[in-house]
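Nothing in this text is a laboratory measurement; each read-out follows from the coordinates by a stated rule. Everything quoted here is computed from the prediction, not taken from an experiment. We place every Cβ from the backbone using ideal geometry, glycine too, and count neighbours over all the protein chains shown.
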Amino acid sequence: MHLDSSIAAVVTGGASGLGAATARRLAADGVRVAIFDMNADLGEALATEIGGVFCPVNVTDDAGVDAAFAKARAAHGQERILVNCAGVGGSVKTVSRDKQTGEVKMYPLENFERILQVNLIGTFRCITKSAAGMLSLDPLEDGDRGAIVNTASVAAEDGQIGQVAYTASKAGIVGLTLTVARDLSSEGIRINTILPGIFDTPLLARAAEHVKAALAAQVPFPKRLGRPEEFAHLAHTMITNGYFNGEDVRLDGAIRMAPR
């Protein structure tokens, strides 16, 4: 898919981090970008910076997602690109024992459901609504009607202690990728998923420098945190390379996460 001002895109979780870097990369090619996010201050600022549009949305809210797509399409037309970066985390063991009292605690089910609702079901909700809209488009010269990029995590394969809900949600995204690619193949819509390792995003910005240095030291090479622009570069490749379809790709400096 050749990118220019005739192409519209939606980036969920696009106000910061990996999503913001991807929004900037697409806008640099002239793409008209709609940013879906809950953070209005960051979202509006980035939309102004790149000449896009901000759509306030919680990806767990079906009606809200419909409204966001309607706003984006009213401004830019039907999107050919969807990049799913919206997500949340959390760390709680499946069961644990209080070291002082011996009390056994179970993972709060409502937390498990919330993480899956945002990361997995929210991603799939946006896939279905965007792909349904893409069906209204004529194929481009290369046969593409659209391209979708999802964000999973190396935790999908190397989930650490306490990451059970996060791991399950990201493994679900990996698991749906090939099936959705097959479902959409007859319509010329491609879908791929990136599994980022440890990236220098706002999630890590609050960590002390020695903590970030210790994390970077775990990466075989290069021994540093990933840069959001590197994620955006891979997303860009998945979108523009018409033979890239149905793949789950680690972007992690060859790290394999230890149990903790």
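Tell me, what does the Kirkwood hydrodynamic radius of the range 126-260 come to in angstroms if you use every pair of distinct C-alpha atoms? Let's see the in-between values first.
Working: mean 1/r = 0.0620 Å⁻¹.
Value: 16.1 Å, from the Cα pair sum.
Dividing the Cα radius of gyration by the Kirkwood radius, what Rg/Rh value follows for the range 211-260? Please report the intermediate quantities before stating the final value.
Details: Rg = 13.3 Å, Rh = 12.5 Å.
Radius of gyration over Kirkwood radius for the range 211-260 works out to 1.07.
Take every DSSP beta bridge with both residues inside the range 8-251 and express the antiparallel ones as a percent of the total, to the nearest 5.
Details: 3 of 31 bridges.
Counting DSSP beta bridges with both partners in the range 8-251, the antiparallel share is about 10 percent.
Averaging the inverse of every distinct alpha carbon separation and then flipping it gives the Kirkwood radius. What is it for the range 8-251, in angstrom units? The partial results should precede the final answer.
Working: mean 1/r = 0.0540 Å⁻¹.
By the Kirkwood definition, the hydrodynamic radius is 18.5 Å.
Counting other C-beta atoms within 10 Å, and keeping those with at most 16, which DSSP coil GluC sites (Glu not before Pro) do you find in the range 88-194? Write out the running numbers ahead of the final one.
Details: sites: Glu103, Glu110, Glu113, Glu141, Glu157, Glu187; in loops: Glu103, Glu141.
Here the sparse-neighbourhood loop sites are Glu103, Glu141.
In which sequence would Phe36, Phe199 go, from the one with the fewest C-beta neighbours within 10 Å to the one with the most?
Working: Phe36 30, Phe199 19.
Listing Phe36, Phe199 from fewest to most nearby Cβ atoms yields Phe199, Phe36.
Beyond 28 Å, what share of the Cα-Cα pairs of the range 1-142 remains, rounded to the nearest whole percent? Don't skip to the answer; put the middle values down first.
Numbers: 2700 of 10011 pairs.
The answer is 27 percent, as a whole percent.
Give me the percent relative contact order of the chain, please, defined on Cα pairs under 8 angstrom at least 6 residues apart. Could you put the intermediate results ahead of the total?
Details: 530 pairs, mean separation 52.1, N = 260.
RCO, the chain: 20 percent.
At a 10 Å Cβ-Cβ cut-off, how would you order Tyr166, Tyr243, Tyr107, fewest neighbours first?
Numbers: Tyr166 24, Tyr243 6, Tyr107 16.
Ordered by Cβ neighbours within 10 Å, fewest first: Tyr243, Tyr107, Tyr166.
Asn192: net charge of surrounding residues, Cβ under 9 Å, Lys/Arg +1, Asp/Glu -1, itself excluded? List each step's numbers first, then the result.
Values: positive: Arg190; negative: Glu247, Asp248.
Counting the neighbours of Asn192, the net charge comes to -1.
Under 16 Å from the Cα of Lys71, which aspartates and glutamates turn up, not counting those fewer than eight places away in the same chain?
Asp37, Glu44, Asp61, Asp62, Glu79
Strictly greater than 17 Å: what percent of every Cα pair in the range 184-224 meets that?
Details: 402 of 820 pairs.
Value for the range 184-224: 49 percent of Cα pairs lie more than 17 Å apart.
Pairing the Cα long axis of helix 164-184 with the longest principal axis of the chain, what angle in degrees results, from 0 to 90 and rounded to the nearest 10?
Once rounded, one gets 30 degrees.
Which aspartates and glutamates have a Cα lying under 14 Å from the Cα of Lys212, excluding residues fewer than 8 positions away in the same chain?
Within the straight-line limit of under 14 Å, Lys212 reaches these aspartates and glutamates: Asp200.
What number comes out for the charge environment of Ala232, summing +1 per Lys or Arg and -1 per Asp or Glu over other residues with Cβ under 14 Å away? Working shown, then result.
Details: positive: Arg24, Arg25, Arg227; negative: Asp29, Asp200, Glu229, Glu230.
So the environment of Ala232 carries a net charge of -1.
Based only on the alpha carbon positions, what is the Kirkwood hydrodynamic radius of the range 139-184, in angstrom?
Values: mean 1/r = 0.0825 Å⁻¹.
Result for the range 139-184, one decimal place: 12.1 Å.
With axes computed from alpha carbons, what is the tilt in degrees of helix 228-240 against the longest principal axis of the chain, rounded to the nearest 10 within 0 to 90?
So the inclination is approximately 40 degrees.
Order of Arg125, Arg25, Arg97 from fewest to most other C-beta atoms within 10 Å?
On the way: Arg125 19, Arg25 23, Arg97 11.
Fewest to most other Cβ atoms nearby, the residues stand as Arg97, Arg125, Arg25.
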